[in-house]
1. Within segment 105-126, how many residues are under 17 Å from residue 179 (Cβ atoms) and more than 28 Å from the chain's Cα centre (by Cα)?
2. Could you run through segment 124-137 and say how many residues are closer than 17 Å to residue 68 by Cα and part of a loop (DSSP other than H, G, I, E, B)?
3. Regarding residue 386, is this residue away from ligand 2 (no atom under 16 Å from the Cβ) and over 18 Å from the mean Cα position of the chain (by Cα)?
4. Consider residue 408 carefully, then state whether it is of a type in the set (Ser, Thr, Tyr), open to solvent by less than 10 Å² (accessible area, probe 1.4 Å) and either at negative phi or within 16 Å of ligand 2 (Cβ to nearest atom) (or both).
5. Going through segment 311-336 one residue at a time, which ones are within 11 Å of ligand 1 (Cβ to nearest atom), outside any loop (DSSP other than H, G, I, E, B) and within 19 Å of residue 240 (Cβ to Cβ)?
6. Could you look through segment 558-585, keep only residues that are over 28 Å from residue 366 (Cβ atoms) and part of a loop (DSSP other than H, G, I, E, B), and pick out the one that is most open to solvent (accessible area, probe 1.4 Å)?
7. State whether the residues of segment 280-294 include one that is away from ligand 1 (no atom under 16 Å from the Cβ), charged (D, E, K, R) and under 30 Å from residue 425 (Cα atoms).
8. Looking at 284, 332, can you tell me which residue is among the β-branched types (Val, Ile, Thr), surrounded by fewer than 20 Cβ atoms within 10 Å (Cβ to Cβ) and in contact (Cβ under 8 Å) with a residue 24 or more places away in the chain?
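The values are calculated or read from the model by the stated rules, or taken from the named source; none is laboratory data. Quick caveat, the model's predicted, so the values are computed rather than measured. No Cβ is skipped: glycine too gets one built from the backbone with ideal geometry, and neighbour counts run over all protein chains shown. The area values use the complete protein model at the heavy-atom level, side chains included, leaving out ligands, DNA and RNA. Shrake-Rupley method; radii C 1.70, N 1.55, O 1.52, S 1.80 Å.
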Amino acid sequence: MTTMTTVLPTPGSTRLRPVDARGTRVDRGFWGERLNVNREVTIPHGLAQLEASGALGNFRHAARGGGRYVGGMDDAGLTFPFLDSDVYKWLEAVGWELGRGDDAKLAADAGEVVRLVTSAQQDDGYLNTFVQLSGHERYTDLQWGHELYCVGHLLQAAVAWQRALGDSTLLVVAERAVAHIESEMGEGRRAAIGGHPEIEMALVEAYRATGRESYLAFARTLVERRGRGLLGVGRLGSRYWQDHESPRTATSPAGHVVRQMYLDCGVVDVAVETGDEELLQAAVDRWNAMWSTHTYLTGALGSRHRDEAFGDPYELPPDRAYAETCAAIGSVMLAWRLLLATGAERFADAFERTLYNAVLPGLSLDGGSFFYTNPLRLRADPVTSGVAPGARQPWYPCACCPPNLMRTISTFEHHIATVDGAGVQLHQFASGTIETEFGGAPVRLRVETDQPWQGAVTISVDSAPAEPWALSVRLPAWMRAGSARVAGQPVEVDAPSGALVMERAWSAGERVELEIEMPARFTLPHPAIDAVRGCAALERGPLVYCVEQADLAGGTRLEDVDVDIGSQPALAAASGLPDEVQALAIEARVRRHGAVWKHWPYAPTTVVETPAGEATTVTAIPYFSWANREVGPMRVWLPISRTGKEVSQP
Ligand code: FUB
Ligand code: ZN
């Protein structure tokens, strides 16, 4: 059996190698529950929605050779030509899920969908139901048409089925579709690229899965062709699709966030497989610029609704955050690749922050509804659109995010541990087992933890090679202090070092007991993030917290609450949320400013006292769990209590 994992670099091309996810089982604790909900609720829900949305019907029509393409329609009446990709992402999730464990019903349902996809393919290998049904010319709208994007997702689903199940049915379909694209715009043919990157990383993975060199060469060509203006400026400018500058030289992220993230995944994949250090460094430089000036506290990306794009550096308004769920998913995909390529744990830190606080909020706790955008503040009585509603929706006309969540959660186990020439590295904390090998001998680790709620992580070595090897455990960037014992003996823990590396001849039965202190902490924003100046956010461990109207006493308005950052928040219970959800109680003040500003929301600096307000305690909940009760105002960034003068009208 091939190694089951999403990203499988050629041996020697990256610093770290993923372990075979067949040997990793997270079956309890926080992530065990998330995986379970995804499998039992979200994925079956996805199939029903693919049917209801018409995405599956499009394949049926295409198989019959005619019918109307059904493609969403947003507020502006736009049809989305990429509904095929919703089906492929769902299939990818199912492929990985079936690799995790049999499910006869799911296998039968998915088998039907695979047959449907197969039957829609045209004799010459072309496959895109939008083009087939709408009568558009093939490959004439590369800017917006998503033909390459959809085939990219098909390829990724196909690789999942091949790696997880040894089933190549989809791979045959996908390879025929790729061959068709290659015949049109492959090496030495029409110099063209797709408006939405995706196929680049899929081609590299297909190369890794099949050994076909032409896929890697084509991926590289697509990367090298970018930045030459081949797509034109369109209605949003060439930065929108990262065609303004070569990915080899661009030092900052630009344009549509998901496009940039997917492109950079392909860039890193091409770079490591071709040993192109310059190209890899360019991706790292862009990532550094992105992380230091374009990233929300939650790890979310994208502050412009109009073009779903990065804003200017530090343009990170909480209420106007676009923060698309797919952008966060693209970010964790990129972080994983950069971790493998460089071995730097800061990418695992980014993965953790983004996964908990920007990906997971996209899904309701019950697994049946989704956010497309993930703002860090919801005002009272907001005017929202279909894409940015205040409450999660069961599906969207543009449904890129829901099945993307499904495949991301299904592959959580792929991203926990790696191996290298020195030993095994544990990057993410989740209760379960990891089986891999080192130096030809089996290694079996058992992890027990109540992360993200408690700081204890116990790793038991069940089996290990006789020779010394290094077990490395990430020390999270949020960690300030902690302690550890190895085989009962205390060892020094240097939090800023990023990892606790323990090299020894491990014996079965020995344990690492890591205790990470997890006090709640207030976090301040960079002064240039003007929209949240004078505010603080609350974090604990890997989680970002927020205050939701549902937790305020009757009559208290969220915008009247400010917080005392000198106080130490205490653990508290969250009412109306699952018992496991750990809330925090914060010392706060409620100041009713309302009437003072009634006629004009500005005032001279010279007048009147700050309302003293009333001291109170407010409950904060993990941001990922917001909007699971009645929908109401929410904010991550809370005004800091100040004494002294405040402006008000005489
Ligand atoms: O264009 C395909 C997907 O739809 C993008 O990645 C998302 O941003 C949404 O626009
Ligand atoms: Zn999306």
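1. Of the residues in that region, 8 qualify.
2. So the count comes out to 5.
3. Values: away from ligand 2 (no atom under 16 Å from the Cβ): no; over 18 Å from the mean Cα position of the chain (by Cα): yes.
Spelling it out, it is not the case that residue 386 is away from ligand 2 (no atom under 16 Å from the Cβ) and over 18 Å from the mean Cα position of the chain (by Cα).
4. Answer is no for this residue.
5. Of segment 311-336, the ones within 11 Å of ligand 1 (Cβ to nearest atom) are 322, 324-327, 329-330.
Among the residues that remain, those that are also outside any loop (DSSP other than H, G, I, E, B) are: 325-327, 329-330.
Answer for segment 311-336, where residues must be within 11 Å of ligand 1 (Cβ to nearest atom), outside any loop (DSSP other than H, G, I, E, B) and within 19 Å of residue 240 (Cβ to Cβ): 326, 327, 330.
6. 568
7. Yes, that holds for at least one residue.
8. 284
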